[in-house]
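J.: Once you've had a glance at the structure underneath, I'll fire off some questions.
The values are calculated or read from the model by the stated rules, or taken from the named source; none is laboratory data. As the structure is a computational prediction, the values presented were derived from the model and not from experiment. Neighbour counts are summed over all protein chains in view; Cβ atoms, including those assigned to glycine, are modelled from backbone coordinates with ideal geometry. The protein model used for the area step is the full one, side chains on, heavy atoms only, and it has no ligands, DNA or RNA in it. Shrake-Rupley method; radii C 1.70, N 1.55, O 1.52, S 1.80 Å.
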Amino acid sequence: MQMLCVPKHLAAAMALAALAALSRPAAATGGAAMDLTRAVIVTRGAAAPELERTAAAVLAEEAGKRTGCPWRVAARWPRQGWAVAVTSGQGSEVGGRRVPVLALTATAEGYGLATDLTDAERPILWVYGADPRGALFGVGKLLRTLEMRKGSATLPAPLDLTTAPAYPIRGHQLGYRATANSYDAWTPAQYDQYIRDLALFGCSSVEGIPGHDARPTVNPYPRDKMNVDISRICARYGQDYWVWTPADFDLNDSAKRAEALARLSRFFDECPELTGVFVPGGDPGSNPPGLVIPYLRDLAGLLARAHPRGRVWASMQGFEPEDQAAMYRWIADEKPAWLGGIAAGPGSPTLADIRARLPKSYPIRDYPDITHTVRCQFPVPWIDPVFAFTLGREGVNPRPLYFSRVIRDTMPFTDGFISYSDGCHDDVNKVIWSALAWDPKADLHAILGDYARLFFGPDVAEGAAAGIAAFERSWDGSLADNGGVDANHALWSALDRRAPGLRSNWRWQLCQLRADYDLYTRKRLIFERGLEQEANAALLGASATGVQAATDAALAALRRADTHRVRPDLSGAVEGLCEALWRSVGLQTSVAKYKASGSERGAVLDFLYYPLNNRWWLEDELAKVKALPTEAARVARLRELATWENPGPGSFYDDIGNVARSPHEVRNERLTAPILDADNTMVAGFMWWTGDSPLARSRQSWISSEDWPAALKYVALDREAEYLIRTTGCGQCLVRVNGVRLTPTRDGRAVGDVKEFPVPRGLTAGGAITVTFDKVDEPGVNWRLASRLTEIWLIKR
């Protein structure tokens, strides 16, 4: 994939600049600042709709939490001092005073803010919503702008604006199920606060998961009850409530089908608010349209009885082209009024294709995966494999730059989105998606500044916003070469010293965890790679020292990682933050200790000491060497192991999928075209072989791979020499050199097996070659078993 990229040196410079700014005293608020510390919130009282009154209550409560100063809510104007008037819709007059024209807007969900300084003794800040939901969004804007400290609340400058959302559907899936890495530990009160927080950034929808995954949740609170509670919370904050409910069983099974419909019917009846019911076509589920469509129709009848304005939505995830065509024909022919639209998720046809073929009267809702970093819809392009090995799929993952490009490229085909999320680790991504769906032209730094100001306070907002942005660059390319990781850690350490009161704030804890984990992993990577080099040097000396002595020395070098911990202060900090996050927000960073649902589901603590070199593979291979029949054979094998990545003068090695060790691969690391088909972009992939997997101790270069790189280029070759291409991977490998297909003389097919392709001398006569690969056609083969390339050598004979 091509990648939107702030250069790493610039990211480091940004972090250092923010760090330098921390050493300066906080700037005094300018002369135009307005002191709202003792403001009174004025409403229409009982005449206001409930959601409008909730908006006023949210403003009072959130300001009070941050300042310690109560903001009184009243239906009368104060005799003196600041008033914040909250109203909406037909309430263009409050207590005899009219909303300034500057604040009026009629666009659904829109709002206006206006500062009225006509009466210096009784100034007014107006928050006007086109509807009650708009009033809450206006309150969110005000809270994001205020500079709130203990004992004070100031507005840096007058607010005069009107705005409305570009897209009506702006939401996030918050499924209370065992799969999640934190949500299933939450209480109703935590859900209430989190949904409120999302609304403050313009979120309009929340999606629950009432049935999928029968495993017990961390919190024993009943799932059915929690999902009804979430519906109730959504009603309180004016959020549309959706549910994701896959048909993950054979719809030919009439008993299971009837049971599912009965269960959902009861659930529909219990929910006070239900806007949409989303049934994915696949992932999970594998039913054809001929079974899915009647099921959707029956589901729609049950929904209409309890929620007449509710609609059923479907996706075509996993559908073959003929199944997609059947869905489009059905929609065009029957035009079902109960069908809300089509959702597009991972494995769906492209958004452009859906929009072109779907009747314009039906909206499209995107279902983007914002929660995963590898083995997903939007993998991090060219992330160092060590992060894939240690963080799994759900590490703390702010990706503002990348997702801003995805949003701006894909959203015009849609009416909005509800994201796939499985935990609080993607909190920043939720805010980015919500804010840019409101205003696609919004400034990223301003969005991150609002986030940091609201949740961390104005004194550290600038530095924290820069630090959050820099996290994305820590995952860009070779970790060993990325000094920006050190700079960003220094920034977050300084921020932590400056704001010790934030150490119980779970969002702050997430940032500190990420900063410590990144730096610890970098330091450990450099150290453990050095140990492997030391071990290889010992193996190369076997002809002089003897095989046993060389093997013993190599093992001793590799195992020094057990007795010499790099930066124990950092590993200790990571362990402490994992405990703190378990207590504050239920984040499950370990399977055994914190009840994570799986090792790749955010269990980063379990991989804190995962080897970052080929220690395990070397230990196993060295044990096999003893069984070789002669000393000469054993010495030869030790040399082969030691020179695996260093095939000698005039020869070349690339670890495919490892951005740090594939110098000959041709790849584009910047986004130069729209991201419209993320499922088919060329990026590195990483297997997940842990625990009892027979491949858990594999060579690490076999874990990272690409299906097929665009090309590899080699120059300055010896025109008189003969060359051999050697590869490892899995399955078939169809190699071409300068367009000529090569024939293998060795053709191993299992993981780690070697293939060899002699290169005809005529192809190297020009002193340079380009190696390409034909794609292997493997219909129906699971991606875990699909053919792929992991390593390639060009060996000078």
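J.: Which one of these is surrounded by fewer than 24 Cβ atoms within 10 Å (Cβ to Cβ) and within 30 Å of Leu525 (Cβ to Cβ): Phe413, Phe389? Give the derivation first.
T.: Numbers: Phe413 fails: within 30 Å of Leu525 (Cβ to Cβ).
Residue meeting the stated conditions: Phe389.
J.: Additional query: Between a first residue in the stretch 170-195 that is on the phi < 0 side of the Ramachandran plot and a second residue that is in a loop (DSSP other than H, G, I, E, B) and aliphatic (A, V, I, L, M), which pairs have beta carbons less than 6 Å apart while being 6 or more apart in sequence or on different chains?
T.: Gly175/Ile209; Arg177/Ile209; Ser182/Leu587; Tyr183/Leu174; Asp184/Ala178; Asp184/Val218; Ala185/Val218
J.: Here are some residues: Arg72, Arg122. Which one is of a type in the set (D, E, K, R) and in contact with a Gly (Cβ under 9 Å, 6 or more places away or on another chain)?
T.: Arg122
Condition check ((1) over 20 Å from Val485 (Cα atoms); (2) crowded, with 19+ Cβ neighbours inside 10 Å) across all residues:
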residue: Pro336; (1), (2): yes, no
residue: Ala343; (1), (2): yes, yes
residue: Ala352; (1), (2): yes, no
residue: Asp366; (1), (2): yes, yes
residue: His372; (1), (2): yes, yes
residue: Ile383; (1), (2): no, yes
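A quick yes/no check of all residues on (1) touching a residue at least 60 places away in the same chain (Cβ under 8 Å); (2) open to solvent by 50 Å² or more (accessible area, probe 1.4 Å); (3) within 31 Å of the chain's Cα centre (by Cα):
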position: Gly748; (1), (2), (3): no, no, no
position: Gly767; (1), (2), (3): no, no, no
position: Val771; (1), (2), (3): yes, no, no
position: Lys775; (1), (2), (3): yes, yes, yes
position: Pro779; (1), (2), (3): no, yes, yes
position: Leu794; (1), (2), (3): yes, no, no
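J.: Moving on to the next point. Go over the candidates Ala470, Ala515, Ala464 one by one and state the one that is touching a Gly at 6+ places or on another chain (Cβ under 8 Å), surrounded by 23 or more Cβ atoms within 10 Å (Cβ to Cβ), aliphatic (A, V, I, L, M) and free of Cβ contacts under 8 Å to residues at least 60 places away in the same chain. Even if it seems obvious, please write down each step before you answer.
T.: On the way: Ala470 fails: free of Cβ contacts under 8 Å to residues at least 60 places away in the same chain; Ala464 fails: touching a Gly at 6+ places or on another chain (Cβ under 8 Å).
Of Ala470, Ala515, Ala464, the one residue that is touching a Gly at 6+ places or on another chain (Cβ under 8 Å), surrounded by 23 or more Cβ atoms within 10 Å (Cβ to Cβ), aliphatic (A, V, I, L, M) and free of Cβ contacts under 8 Å to residues at least 60 places away in the same chain is Ala515.
J.: For the stretch 541-556, enumerate the residues that are touching a residue at least 60 places away in the same chain (Cβ under 8 Å) and touching a helix residue (DSSP H, G or I) at 6+ places or on another chain (Cβ under 6 Å).
T.: Ala542, Ser543, Val547, Ala550, Thr551, Ala554 - these are the residues of the stretch 541-556 that are touching a residue at least 60 places away in the same chain (Cβ under 8 Å) and touching a helix residue (DSSP H, G or I) at 6+ places or on another chain (Cβ under 6 Å).
J.: Arg503 - would you say it is open to solvent by 20 Å² or more (accessible area, probe 1.4 Å), touching a residue at least 24 places away in the same chain (Cβ under 8 Å), in a helix (DSSP H, G or I) and within 26 Å of Gly423 (Cα to Cα)?
T.: Details: open to solvent by 20 Å² or more (accessible area, probe 1.4 Å): yes; touching a residue at least 24 places away in the same chain (Cβ under 8 Å): yes; in a helix (DSSP H, G or I): yes; within 26 Å of Gly423 (Cα to Cα): yes.
Answer is yes for this residue.
J.: Okay, moving on. Which condition number does Asn488 fail, the rest of (1) surrounded by 24 or more Cβ atoms within 10 Å (Cβ to Cβ); (2) of a type outside the set (A, V, I, L, M, F, W, C); (3) in contact with a helix residue (DSSP H, G or I) (Cβ under 7 Å, 6 or more places away or on another chain); (4) within 17 Å of Phe378 (Cα to Cα) being met?
T.: For Asn488, the exception is condition (4).
J.: With Ala537, Ala573, Ala550, Ala542 as the choices, which residue is surrounded by fewer than 21 Cβ atoms within 10 Å (Cβ to Cβ), more than 17 Å from His489 (Cα to Cα) and among the hydrophobic types (A, V, I, L, M, F, W, C)? Lay out the reasoning, then the answer.
T.: Details: Ala573 fails: more than 17 Å from His489 (Cα to Cα); Ala550 fails: surrounded by fewer than 21 Cβ atoms within 10 Å (Cβ to Cβ); Ala542 fails: surrounded by fewer than 21 Cβ atoms within 10 Å (Cβ to Cβ).
From the options Ala537, Ala573, Ala550, Ala542, the qualifying one is Ala537.
J.: So which of Arg529, Arg522, Arg498 ends up being under 23 Å from Val585 (Cβ atoms), open to solvent by 10 Å² or more (accessible area, probe 1.4 Å) and modelled with pLDDT of 95 or more? Explain how you work it out, then say what you get.
T.: Details: Arg529 fails: under 23 Å from Val585 (Cβ atoms); Arg522 fails: under 23 Å from Val585 (Cβ atoms).
Checking each option against the conditions leaves just Arg498.
J.: To continue, here is another question. Considering every residue within the stretch 232-247, establish whether at least one is touching a residue at least 60 places away in the same chain (Cβ under 8 Å), out of contact with any Asp or Glu (no Cβ under 6 Å at 6 or more places or on another chain) and open to solvent by 20 Å² or more (accessible area, probe 1.4 Å). Lay out the reasoning, then the answer.
T.: First, pick out the residues of the stretch 232-247 that are touching a residue at least 60 places away in the same chain (Cβ under 8 Å): 236-240, 242, 244.
Of the ones still in play, those that are also out of contact with any Asp or Glu (no Cβ under 6 Å at 6 or more places or on another chain) are 236-240.
After this cut, where a residue has to be open to solvent by 20 Å² or more (accessible area, probe 1.4 Å) as well, the list is 236, 240.
Yes, the stretch 232-247 contains a residue that is touching a residue at least 60 places away in the same chain (Cβ under 8 Å), out of contact with any Asp or Glu (no Cβ under 6 Å at 6 or more places or on another chain) and open to solvent by 20 Å² or more (accessible area, probe 1.4 Å).
J.: Let me spell it out: the conditions are (1) assigned to a loop (DSSP other than H, G, I, E, B); (2) in contact with a helix residue (DSSP H, G or I) (Cβ under 7 Å, 6 or more places away or on another chain), and Gly282 meets all of them except one. Which number is the exception?
T.: Among (1) assigned to a loop (DSSP other than H, G, I, E, B); (2) in contact with a helix residue (DSSP H, G or I) (Cβ under 7 Å, 6 or more places away or on another chain), the lone unmet condition for Gly282 is (2).
J.: I'd like to verify a number: residues in the stretch 127-156 that are over 30 Å from the mean Cα position of the chain (by Cα), open to solvent by 10 Å² or more (accessible area, probe 1.4 Å) and of a type outside the set (A, V, I, L, M, F, W, C), how many?
T.: 9
J.: Then there's this: List pairs: first in the stretch 263-274 and within 9 Å of Leu303 (Cα to Cα), second of a type in the set (Phe, Trp, Tyr), Cβ under 9 Å, 6+ apart or cross-chain?
T.: Leu274/Tyr241; Leu274/Trp242; Leu274/Phe267; Leu274/Phe268
J.: For the stretch 341-368, which residues satisfy the criterion of being in a strand (DSSP E or B) and touching a helix residue (DSSP H, G or I) at 6+ places or on another chain (Cβ under 9 Å)? Working first, answer last.
T.: As a first pass, look at the stretch 341-368 and keep what is in a strand (DSSP E or B): 341-344, 364-366.
Scanning the stretch 341-368 gives Ile342, Ala344, Ile364, Asp366.
J.: Of all the strands (runs of 3 or more DSSP E) wholly in the stretch 725-797, which have at least 1 residues that are touching a Cys at 6+ places or on another chain (Cβ under 8 Å) and either over 19 Å from Ala711 (Cβ atoms) or of a type in the set (A, V, I, L, M) (or both)?
T.: Per the criteria, 788-796.
J.: If I ask for residues that are surrounded by fewer than 20 Cβ atoms within 10 Å (Cβ to Cβ), of a type in the set (Gly, Ala, Ser) and either free of Cβ contacts under 8 Å to residues at least 60 places away in the same chain or in a strand (DSSP E or B) (or both), which ones from the stretch 697-718 would you list?
T.: Answer for the stretch 697-718, where residues must be surrounded by fewer than 20 Cβ atoms within 10 Å (Cβ to Cβ), of a type in the set (Gly, Ala, Ser) and either free of Cβ contacts under 8 Å to residues at least 60 places away in the same chain or in a strand (DSSP E or B) (or both): Ala711, Ala716.
J.: With the requirement that a residue be under 39 Å from the mean Cα position of the chain (by Cα), within 18 Å of Gly134 (Cβ to Cβ), part of a helix (DSSP H, G or I) and touching a residue at least 40 places away in the same chain (Cβ under 8 Å), what does the stretch 30-64 give you?
T.: Correct list: Glu50, Leu51, Glu52, Thr54, Ala55, Ala56, Val58, Leu59, Glu62.
J.: Considering Asp569, Asp562, Asp552, which residue is more than 31 Å from the chain's Cα centre (by Cα) and under 30 Å from His425 (Cβ atoms)?
T.: Details: Asp569 fails: more than 31 Å from the chain's Cα centre (by Cα); Asp552 fails: under 30 Å from His425 (Cβ atoms).
Going through Asp569, Asp562, Asp552 in turn, the sole match is Asp562.
J.: Counting only residues that are open to solvent by less than 60 Å² (accessible area, probe 1.4 Å) and at pLDDT 80 or above, which one in the stretch 662-684 is nearest to Met411 (Cα to Cα)?
T.: My answer is Val683.
J.: Let me ask something else about it. Taking the conditions exactly as written (of a type in the set (Phe, Trp, Tyr), outside any strand (DSSP E or B) and either open to solvent by less than 10 Å² (accessible area, probe 1.4 Å) or farther than 22 Å from Phe278 by Cα (or both)), does Phe403 satisfy them or not?
T.: Numbers: of a type in the set (Phe, Trp, Tyr): yes; outside any strand (DSSP E or B): yes; either open to solvent by less than 10 Å² (accessible area, probe 1.4 Å) or farther than 22 Å from Phe278 by Cα (or both): yes.
Judged against the criteria, Phe403 is a match.
J.: Examine the stretch 316-332 for a residue that is assigned to a strand (DSSP E or B) and crowded, with 23+ Cβ neighbours inside 10 Å, and state whether such a residue exists. If you could, list the steps in order and put the result at the bottom.
T.: Here is the first cut: in the stretch 316-332, the residues assigned to a strand (DSSP E or B) are none.
The answer is no; no qualifying residue exists.
J.: Please work out if Ala452 is without any contact (Cβ under 8 Å) to a residue 60 or more places away in the chain, open to solvent by 10 Å² or more (accessible area, probe 1.4 Å) and either within 30 Å of Ser504 (Cβ to Cβ) or part of a helix (DSSP H, G or I) (or both).
T.: Numbers: without any contact (Cβ under 8 Å) to a residue 60 or more places away in the chain: yes; open to solvent by 10 Å² or more (accessible area, probe 1.4 Å): no; either within 30 Å of Ser504 (Cβ to Cβ) or part of a helix (DSSP H, G or I) (or both): yes.
In short, no.
J.: Would you check which residues across the stretch 77-91 are modelled with pLDDT under 90 and surrounded by 15 or more Cβ atoms within 10 Å (Cβ to Cβ) and list them?
T.: As a first pass, look at the stretch 77-91 and keep what is modelled with pLDDT under 90: 90-91.
Passing the criteria: only Gly91.
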